[in-house]
Amino acid sequence: MPAPLFEARSQEDVTYRLRLPPFLERDWQEALPDLLANCPPGPVDLDCGTWPLNVRDLQHLIDTLEREGLSINGLEACRSETVISANALGLQARLRMEHLQIKPVADAAAGLRLHQGTLRSGDHVNAQGHLLLVGDVNPGARVSAAGDVLVWGRLRGVAHAGCLGNSEAKIVALQLRPLQLRIADCVARGPDEQPQPGFAEQARIVNGEIVIEAAQPLPPIVPATERDDSLA
Amino acid sequence: MAPTSRTILICSGKGGVGKTTLTANLGIALARQGQKTVVLDADFGLRNLDLLLGLENRIVYTAQEVLAQTCRLEQALVRHKQEPNLALLPAGNPRMLEWLKPEDMQSIVSMLQKQFDYVLIDCPAGIEDGFKNAAAAAREAIVITTPEVSAVRDADRVIGLLNTRGVSPVQLVLNRVRPKMMANQEMLAVDDVTDILALPLLGLVLEDEQVIVSTNRGEPLTLNGGGSPAARAYANIARRLQGEDVPLIDPAKEGRGLRAKVRRLMQKKIF
């Protein structure tokens, strides 16, 4: 079993991030202390990945880490049962959607998908690349795209741009009044104030948070066949 | 089949917004205006249409016996004593839900289409099998909603489902409107509702206490020639369905004129 990865989150951060290896072996409980021997003591953010850990296993893992001098600051996992166990033990835990790996995806390759017509409550439209919806998105409806979400109408439902992890993606609408906005793995509630009529707005990630601003002209979306990789 | 027989589904998504009341009153109103009308209760689990029409104690056979061919359609239909143009086909018993298929509803409706100008189907609440079976048999639909966020959300969902099933045209009735609350912006405005639902407004019915009285008595409001606002609204909806151009009431103006004030005074109990 490969050694758990130990990486610093950022220069200023005192907590380090301990990422457990991708698979779980039956005798992980015995093998773990040797692997952790190389990690410097101190507080860590634990990334459990896809490990399914019930309360007992998680407690054992925490005890093992503590024996090596590592204290758990926070926890991230792809499995909800692990998050639930962590909460039960009083730890701060976050569920990470497995497919939302933080790496940019070449969504421009899939081009632009056009959908005409209003989406009613309960409907969901998804696109591999960018999505242009001509019509309204009613409350209770969802639009998602691996690239940008462009609504030529009123966005009143939930929009998810960059749903495969691209945090450069944008959400633009003629009238941005969403229930919820999601870009990559950031989530934000829609604004409470009524928007000015005739004022198109866009949402994008700035400094790790979703912000809403006046819509800017879009860079040209290059169709897949014309894309020239040498310009990247 | 009567050449212009129309089959209209009356649905809402949300429960309790006034489907059965609309079906009963619309049935009476159409019958009064000369149309041979049948109302079909498609809510086999919790049937109410017979109660509202005051025909509960005259039911012998139901849709179930008609399907099983234990009786003729004529024996199951209950004719309204005061409005002979109106008939009711009562709902079967709840156990029918286990085996009822869309084709069964379609066969009942096609039997009814042969002798009636209007077939009104009272849909159960929700979007499950009851709704799906009823929608399979309908050609057009009337979606009824109240000016409340949850009702509008559910209506939006239902309209989407009707669109995918090719039910057309779908029209909208806005029920239980309170003009004072709308004026104070405590209730969704008519425009707010039509903005989201994007459907033509077939009618607007004001909140009316008389509806409760009429339900308990089993006498739909439209039966007594309509003095109350709701009764007039239902009669107007019937006329619009037949193609007449009747202007919609404006909630802001309703209840202000001298006539309305006198009417209210007459209806108020003084002792």
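The values are calculated or read from the model by the stated rules, or taken from the named source; none is laboratory data. Bear in mind the structure is a predicted one, so any value in this text is a computation, not a measurement. Note that we place each Cβ from the backbone using ideal geometry, even for glycine, and neighbour counts take in every protein chain shown.
Within the stretch B:35-49, is there a residue that is charged (D, E, K, R) and either in a helix (DSSP H, G or I) or out of contact with any Asp or Glu (no Cβ under 8 Å at 6 or more places or on another chain) (or both)? So far as the stretch B:35-49 goes, no, none of its residues is charged (D, E, K, R) and either in a helix (DSSP H, G or I) or out of contact with any Asp or Glu (no Cβ under 8 Å at 6 or more places or on another chain) (or both). Of everything listed in (1) buried (at least 18 other Cβ atoms within 10 Å of the Cβ); (2) within 14 Å of another protein chain (Cβ to nearest Cβ), the single unmet condition for B:V119 is (2).
For the stretch B:207-234, a residue qualifies if it is farther than 25 Å from B:D191 by Cβ, assigned to a helix (DSSP H, G or I) and of a type outside the set (V, I, T), and the qualifying residues are B:Q210, B:S214, B:N216, B:R217, B:L221, B:L223, B:N224, B:A231. Among the candidates B:S110, B:S168, B:S150, single out the residue that is among the small types (G, A, S), in a helix (DSSP H, G or I) and more than 14 Å from chain A (Cβ to nearest Cβ). Only one candidate passes the filter, namely B:S110.
Would you check if B:A91 is modelled with pLDDT under 95 and crowded, with 23+ Cβ neighbours inside 10 Å? Spelling it out, B:A91 is indeed modelled with pLDDT under 95 and crowded, with 23+ Cβ neighbours inside 10 Å. Every test in (1) within 14 Å of chain A (Cβ to nearest Cβ); (2) surrounded by 19 or more Cβ atoms within 10 Å (Cβ to Cβ); (3) not acidic (D, E) is passed by B:N163 save one, and that test is (2). When B:R176 is tested against (1) on the phi > 0 side of the Ramachandran plot; (2) of a type outside the set (D, E); (3) within 14 Å of chain A (Cβ to nearest Cβ), exactly one condition is not met: (3). Within the stretch A:207-219, identify whether any single residue is under 17 Å from A:G111 (Cα atoms) and modelled with pLDDT under 95, and answer yes or no. Yes. Of all residues being of a type in the set (K, R) and under 19 Å from the mean Cα position of the chain (by Cα) in the stretch A:135-174, which is farthest from the other protein chains (Cβ to nearest Cβ)? Just the residue, please. Once the filter is applied, the top-ranked residue is A:K170. Residues considered: B:P147, B:P220, B:P179. Of these, the only one that is modelled with pLDDT of 90 or more and touching a Gly at 6+ places or on another chain (Cβ under 7 Å) is B:P179.
For the stretch A:116-134, residues that are within 14 Å of chain B (Cβ to nearest Cβ), in contact with a strand residue (DSSP E or B) (Cβ under 8 Å, 6 or more places away or on another chain) and crowded, with 18+ Cβ neighbours inside 10 Å total 3. Of everything in the stretch B:179-210 that is β-branched (V, I, T) and more than 13 Å from B:I249 (Cβ to Cβ), the residue that is nearest to the other protein chains (Cβ to nearest Cβ) is B:I196.
Put simply, of B:L174, B:L204, B:L188 the only residue that is assigned to a loop (DSSP other than H, G, I, E, B), within 30 Å of A:R154 (Cα to Cα) and at pLDDT 90 or above is B:L188.
Of the residues making up the stretch B:54-75, just one is in contact with a strand residue (DSSP E or B) (Cβ under 6 Å, 6 or more places away or on another chain), assigned to a helix (DSSP H, G or I) and hydrophobic (A, V, I, L, M, F, W, C), namely B:A63.
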